[in-house]
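Heads up: the structure comes next, in structure tokens.
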Amino acid sequence: MTTIDTRPIDEARLEAFVGQAVTDLGAAISGLLLHIGDRLGLYKAMAGAGPITSATLAARSGTAERYVREWLANQAAGGYVSYNPADRTFELPPEQAMVVANEDSPVFLGGAFESIASCYADHDMFVEAFRTGAGVGWQEHDDRLFSGVLRFFRPGYAAHLVDEWLPALDGVLGKLRAGASVADVGCGLGASTIIMAKAFERSTFAGFDIHQPSIVAARKAAAEAGVDQRARFDIATAKELPGTGYDLVCMFDCLHDMGDPVGAARRIRQALAPDGTLLLVEPQAGEGLEHNLNPVGRTFYGLSTVICTPASLAQEVGLGLGAQAGERHLGAVLREAGFTHVRRATQTPFNLILEARP
């Protein structure tokens, strides 16, 4: 039954919220068009090209001019490209190119939009999950989630992991340079593992994930990168992590996805060498909801609703930690698992980096 709210309407507040909703409406459909432009290489064709007509862009990208013309109009209206009405040309500024065209840029977001597109494709599963409370396993998602997550996280890992995050850990950099044993738990398609293997030639790396297609892709990527002799990949859950005596275990943006994060962290502690270290990278978040009411929090809560929380609920225990757990909650999980030393090593606007030791 629908309840009618009889409180008086504040017209100014209503007008402001309609404006906000229309802005979001434009963003929602433009996100789809961004994903299309990403898939078709339209941004890459515009990057560094200067002013360009819709016909020239269509010819360069092998697409139909009439569709490209309408796409460019949307992009100009949203400020993603600039428009010169005198000669009807469009240009992708270098700042925008870093976000939508340059996959090596630390602020590239094409993969994020690809991931979100996969969630739209999976919306029937989410509706049913809301009704039943059941989980949605990682492997059940549209395939674009896996490639999108790789492309979303890899630029940040490439920019920060070797130069900032690992040096922020106590004594770890020296071990890696000398030759360390490293496990990357929840490695996905292997981006983080391969980045470390390329940087530290004396160390050995083992990536583990529950998703077989990702492991197959990670092995292929390691071979292409020339690091397959020191970076291997196998299927395993965190609670069944093979091996012991690891100098470093890494978990990149995955602990909150696990059904039993305490059990996973406990097994990792057992697998570490006595002086080993856990590097935990999680989404940046404040301690409470009121501290995350901002664009980054909005994005992460949205992704958590349809990716992270359903993944956890589909597993044993099903804690449903969520992507915005925050440092205090994550620290409590690690301490319950037996870690005695937990500290924030460093951070970025999108990442919280914790160091934990037995």
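The values are calculated or read from the model by the stated rules, or taken from the named source; none is laboratory data. Predicted, not measured: the structure shown is a model, and the values here were computed from it. Heads up, the Cβs are rebuilt from the backbone with ideal geometry, glycines too, and the neighbour counts pull from every protein chain shown. Surface areas here come from the heavy atoms of the whole protein model, side chains and all, with no ligands, DNA or RNA. Shrake-Rupley method; radii C 1.70, N 1.55, O 1.52, S 1.80 Å.
General observations
- Nearest-10 value in Å² for the accessible area of T132, using the 1.4 Å probe: 80
- Here segment 85-112 is scanned for amide nitrogen atoms under 17 Å from the site 7 Å beyond the Cα of T348 along Cα-to-Cβ, giving 98-112.
- Amide H within-cut-off set for F233, under 5 Å, with H built and near neighbours excluded: G207
- Convex hull volume per residue, computed on the Cα atoms of segment 22-125, equals 112 Å³.
- Among K44, K220, the order of accessible area from largest down is K220, K44, computed with a 1.4 Å probe on protein heavy atoms.
- Put simply, segment 32-84 fits an ellipsoid with semi-axes of 14, 13, 11 Å; these come from the alpha carbon gyration tensor as the roots of five times its eigenvalues, largest first.
- Between amide H atoms placed 1.01 Å from N, distances below 5 Å from L352 occur with E282, Q284, all of them 5 or more places distant or on a separate chain.
- Area of R232 that stays accessible when all protein chains are in place (1.4 Å probe, Å², to 10): 120
- Signed unit charges on C-beta, dipole axis of segment 129-288, positive-most listed residue I210, G137, G245: G245
- With θ taken as phi - 60° and the Karplus curve 6.51 cos²θ - 1.76 cosθ + 1.60 applied, the whole-hertz 3J(HN,Hα) list for segment 189-198 is 8, x, 4, 5, 4, 5, 4, 5, 5, 5 Hz, x standing for glycine and proline.
- Sites A134 and D5, calculated FRET efficiency, Cβ-Cβ separation with R0 41 Å, nearest 0.05: 0.80
- q = 0.12, 0.15, 0.20 Å⁻¹, segment 250-341: log10 I(q)/I(0) [Debye, one scatterer per Cα]: -0.36, -0.56, -0.94
- Per-residue SASA entry for D163, accessible area with 1.4 Å probe, Å² rounded to 10: 110
- Taken per residue, the accessible surface of the chain reaches 50 Å², heavy atoms only and a 1.4 Å probe.
- Furthest towards positive pole of dipole, P94, F300, P310, structure part the chain, Cβ charges: P94
- Accessible-area composition of segment 290-358, carbon plus sulfur, in percent [1.4 Å probe]: 55
- Across the protein chains, with a 1.4 Å probe defining accessible surface, the residues R328, R267 rank R328, R267 from largest area downward.
- Alpha carbon Rg of segment 132-233, scaled by the compact-globule rule 2.2 N^0.38 Å: 1.15
- To put it simply, the accessible area of segment 140-214 at a 1.4 Å probe is 49 percent carbon and sulfur.
- Projected over all directions and averaged, the alpha-carbon convex hull of segment 1-43 occupies 5.0 nm².
- Proximal lysines relative to K198, as straight alpha-carbon distance under 24 Å, when same-chain residues fewer than 8 apart are discounted: K175, K220
- Alpha-carbon centroid distance for the pair segment 1-24 / segment 279-322, whole angstrom: 28
- Accessible surface ranking that places the most exposed of S82, S115 first, with a 1.4 angstrom probe: S82, S115
- Overall form of segment 45-197 per C-alpha gyration tensor (a/c, 1.5; a/b vs b/c): oblate
- Annotation: amide H-H contacts under 5 Å for C250 (H modelled 1.01 Å from N, sequence separation of 5 or more, or interchain): A183, D184, V185, L279.
- Rounded D (µm²/s) - the chain, Kirkwood Rh over Cα pairs, Stokes-Einstein at 37 °C, 0.692 mPa s: 148
- Segment 163-318 shape via C-alpha gyration tensor axes, a/c threshold 1.5: prolate
- Between the listed residues L278, S115, M46, the Cα displaced farthest toward the positive end of the dipole of the chain, a dipole computed from Cβ unit charges relative to the Cα centre, is found at L278.
- Working from Cα pairs under 8 Å separated by at least six residues, relative contact order for the chain is 12 percent.
- Unit Cα scatterers, Debye sum, segment 295-358: log10 I(q)/I(0) for q = 0.16, 0.18, 0.23 Å⁻¹: -0.62, -0.77, -1.05
- Our note on the geometry: Cα centres of segment 242-260 and segment 91-169, 20 Å apart.
- Rounded to the nearest 0.05, the FRET efficiency derived from the C-beta distance between D143 and A332 at R0 = 30 Å is 0.30.
- Annotation: aspartates and glutamates with alpha-carbon distance below 19 angstrom to K44 (same-chain offsets under eight excluded): E65, E70, E91, E95, E103, D104, E114.
- Dipole magnitude of the chain about its Cα centre (Cβ charges: Lys, Arg +1; Asp, Glu -1), debye to nearest 20: 760
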